[in-house]
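What follows is a short report on a single structure.
What follows draws every value from the coordinates through simple rules; no lab data is involved. Computed from a predicted structure; not experimentally measured. As a convention, Cβ positions derive from the backbone with ideal geometry for all residues, glycine included, and neighbour counts pool all protein chains shown.
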Amino acid sequence: MAWVGRSLRRFRDPVLLRGEGRFTADLADNAVSLRFVRSPLARGRILAIESEHPGQTFTAADLSGVKPIRPLLHRPDYVPVDQPILAADRVCFVGEPIAAVIGESPEQAEDLAAGVFVDIEPEDAVVDIDRALEPGAPAVHGQAPNNVLIEGNMRTPGVDAAFAGAAEIIEFEIRSRRQSAMPLEARAAHAAFDAASARITLTASVQMPHMLRTGLADLLGIAESDLRVVAPDVGGGFGQKMSLAPEYAVVVWLAGKLRRPVRWIEDRRENLMASFHSRDQHYTVRGAFDAEGKLDAIDADLSCNVGAYSCYPVTCGVEPLMAMAEFPGPYDFQEYGVRARGVATNTCPMAPYRGVSRPVITLAMERLMDLAAERFGVEPVEIRRRNLIDSFPYRTATGLEYDEGSYRQAMEMAEQAIDLKAFRTRQNAARGDGRYLGIGFSVFCERGGYGTPAFAARAMDITPGFETVEISMDPSGFVEARIGASPHGQGLQTSLAQIIADELGMAPEHIRIIHGDTDRTPYGWGTFASRSMVISGGASKLAAQKLKARLTAAAAQHLQAESAEITIEDGRAAVRGGGAGISLSALARAAYHQSHQFADLDEPALTARATYDPPGTFSNACHAAIVEVDRETGQVAIERYVVVEDAGRLINPLIVDGQIMGGVAQGIANALYEEIVYDEDGNLLTTLLMDYLVPTAAELPDIEIHHLETISDASITKAKGVGEGGTIGAPAAVLGAVSDALKPFNAGIFEMPITPQRIRELLRGA
């Protein structure tokens, strides 16, 4: 029986639905509660810190020997800056931790924190990315007087000639406002000191347990073996829980100092204020087209607000450098000029959020195609058809190599599913009635499953990449697979069990996936960047194949046959042609308990280990959205939403569809609702969910999903990344549809989120 390709329900769901999950906040012991005193100013010099309870208050002066966070890129255009664990001399954003206060309860810690008085001399802050780039703007850090922490440039030889000979040149700006990843569970940490071993166990809601252990050990000057990191059930991450946060260093340090457990549970206000933000970008884009509407060249200036500090380990380069490298997307052109800058401001630091820069670059490329369609008087699908890559493998102007895909086919399937021709008829009729409908398309490719070679090109001080899986069958015939990846709601455990089950000829329910514990799993890079199914899945497949070879050899000895004559399926090993057989559970018990009968095996244990480190693969998709815009209120209602996704082989279609739906929901939120807002002095105005607008199920449409399955040799499981695609494609589809609806008013949409207020302002100016 084949398990890959079947829509199994996630194994963990019943536990979570019964409320029996184990999250960091569920740990109950005699832990002291920790609260942070945070800066109320965006920029200033600390003059004094006074506490009414000095024995329970800790400042930077107490953290002697603890290093600051200093992520590195080995590039001449990168400016490294230190992020202190607790601010000592200066503060650089509202919410930066200045002091840590402990109490016997969360309420007491909160009260004691109110008794800490910090005298800060205010200084001029710079908040907006454009203001930060102006001559004479306040410098966030002295090392970067122009506020540019990283700048990437490239220009192919023919860019200028392409623009000089262009039939049409289209120029516009794109602005994406700041957003939060908004995981259901905010950050949380619990650290406990074990006197017998002198080790500390940190339980935390994180995506990269091994990487967190490495970073913390380096900061604290301890051996990694002295620190255990456990990620239990994690209530969403979306990239916000990838990076090393200073709060975790304080929790671990205090546990060692006090020799008792310490817990910190972030509230939503802290999460919105001081957990990593994303998406704050401003682009200027020019496209050169020939007379037939073929794109010949792009010239772009990409500015990314990276906040006050660089995130560890990927650094502030992740947003601008990904934008620069992947801007061309699924379109066929070879002349490309780009400048991409990571710009420091006095705002919360940025870190990867689902899709990283790709929702914004996809929005830019799709708006370019929509504008070109208008200029050439053709449908948006036609201009895309003329420009989409349709021959593989394909090397982009930036050197990325796309494996097999279905870019044009996916768009044409979406066009057919949504019935573009019928929509245009209905749209024209609705305009006659004073109703404004619009349609938008978004075609994109998603890079996923990339290992060490891709990360090495970024010149990070720490290069992620490979994943390792250790697999073993115990004497009862059950299998445990220990993985370095660390899922946080994706259903990875179920999908990996399906892959292993097919290789071992057994049922997935007899396979347990162990993850999220640095003591029990091989060193790995966690779960991020649409990589786990490709890389951890590949390592799982290879390890299972090795274990199958050991089982086959053991069965051959036990059944007195040649290994080539042995088949393993349905939990049983047997001699081909109806010969003798034995259940895998009986074989496992014999291999362990009667090892003298298996003299030819190199060892009795049924174990295997494999590592997988691929160059990467590209999935692709087309999203199509139909919206109606209320001219009077500016409200946008999504009438229909269609996704055609090509993620290679679908290991578990149900889980894939869940990933797409969740991603689309976040992308719609990015497009229409969510925005982190600062005032000109750097004060955060969106501090609660009353201010930061998150859509509910009532605002989201039904999502119609269709699949293509392009099989590529770039992945040994034939699966491609799908974790971020929904979020990447949705903003462009929705905003393109809003722009199409407002075409009678010449009100183009080039900003997200496009709130009702912004729509009303556009219509007043039209």
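Quick notes on this structure:
- In the chain, the calculated helix contribution to ellipticity at 222 nm averages -8500 deg cm²/dmol per residue, counting -39,500 (n - 2.57) for every DSSP H run with n ≥ 4.
- In order along the stretch 677-684, the Karplus-derived 3J(HN,Hα) couplings, from 6.51 cos²θ - 1.76 cosθ + 1.60 at θ = phi - 60°, round to 10, 10, 7, 5, 8, x, 7, 6 Hz, and Gly and Pro are given as x.
- All alpha carbon pair distances within the stretch 373-524 were sorted into 5 Å bins beginning at 0; the resulting P(r) in whole percents reads 1, 7, 11, 11, 11, 10, 10, 11, 9, 7, 6, 4, 2, 1, 0.
- For residue 517, the residues whose modelled amide H falls within less than 5 Å of its own, excluding neighbours fewer than 5 places apart on the same chain, are 231.
- Non-local lysine pairs in the chain, meaning eight or more places apart or on different chains, with alpha-carbon distances under 25 Å, amount to 12.
- Relative frequency of Cα-Cα separations exceeding 24 Å in the stretch 104-224, percent: 69
- The simple spin-label model puts a point 7 Å past each Cα toward its Cβ; for residue 746 and residue 457 those points are separated by 4.3 nm.
- The peptide list 729-741, 305-317, 543-555, put in order of mean Cβ contacts within 10 Å with the highest first, becomes 729-741, 305-317, 543-555.
- Positive-pole candidate from 536, 455, 498, dipole of the stretch 452-558, charges at beta carbon: 455
- For a label point 7 Å along the Cα-to-beta-carbon line of residue 563, residues of the stretch 502-542 with backbone N under 18 Å: 503-505, 542
- Sites residue 169 and residue 435, calculated FRET efficiency, Cβ-Cβ separation with R0 41 Å, nearest 0.05: 0.75
- Using the Cβ-Cβ distance between residue 259 and residue 523 with R0 set to 22 Å, the FRET efficiency from 1/(1 + (r/R0)^6) comes to roughly 0.20.
- Compared with the alpha-carbon gap, the fully stretched path from residue 27 to residue 570 is longer by 191.5 nm at 0.36 nm per residue.
- Full extension of the segment from residue 632 to residue 688, taken as 0.36 nm per residue of separation minus the current Cα-Cα distance, would add 17.4 nm.
- Taking amide H positions as modeled 1.01 Å from N, with prolines and chain starts lacking one, the residues under 5 Å from residue 335 and 5 or more places away or on another chain are 298.
- Environment charge at residue 434 (Cβ cut-off 14 Å; Lys +1, Arg +1, Asp -1, Glu -1): -1
- By the count of other C-beta atoms within 10 Å, a proxy for reagent exposure, 470, 173 are ordered fewest to most as 173, 470.
- Normalised Debye scattering of the stretch 461-600 at q = 0.18 Å⁻¹ gives log10 I(q)/I(0) of -0.94, counting only Cα atoms as equal scatterers and leaving out solvent.
- Cβ-Cβ distance of residue 291 and residue 117, R₀ of 56 Å, FRET efficiency by 1/(1 + (r/R0)^6): the value works out to about 0.20.
- 3J(HN,Hα) from dihedral phi, the stretch 705-719, Karplus parametrisation 6.51/-1.76/1.60, rounded to Hz, x for glycine, proline: 10, 10, 10, 10, 10, 7, 8, 10, 6, 6, 9, 6, 8, 6, 8
- Difference of contour (0.36 nm per residue) and Cα-Cα distance, residue 478 to residue 593: 39.9 nm
- Positive minus negative residues near residue 107 (Lys, Arg vs Asp, Glu; Cβ under 13 Å): -3
- Euclidean distance between Cα centres, the stretch 470-521 to the stretch 375-447, Å: 40
- Residues with amide H under 5 Å from that of residue 484, placed H, sequence gap 5 or more: 468
- When you filter the chymotrypsin sites (Phe, Trp or Tyr not before Pro) in the stretch 393-495 for DSSP loop state and at most 11 other Cβ atoms inside 10 Å of their Cβ, nothing is left.
- Across the stretch 519-533, rounded Karplus estimates of 3J(HN,Hα) from the backbone phi angles (6.51 cos²θ - 1.76 cosθ + 1.60, θ = phi - 60°) give 7, 10, 10, x, 4, x, 10, x, 10, 5, 6, 6, 10, 5, 5 Hz, Gly and Pro being marked x.
- Of all DSSP beta bridges in the chain, antiparallel share, percent nearest 5: 80
- Which label in (i) 105, 57, 47; (ii) 85, 71, 50; (iii) 84, 78, 48 gives the computed Cα extents along the principal axes in Å: (ii)
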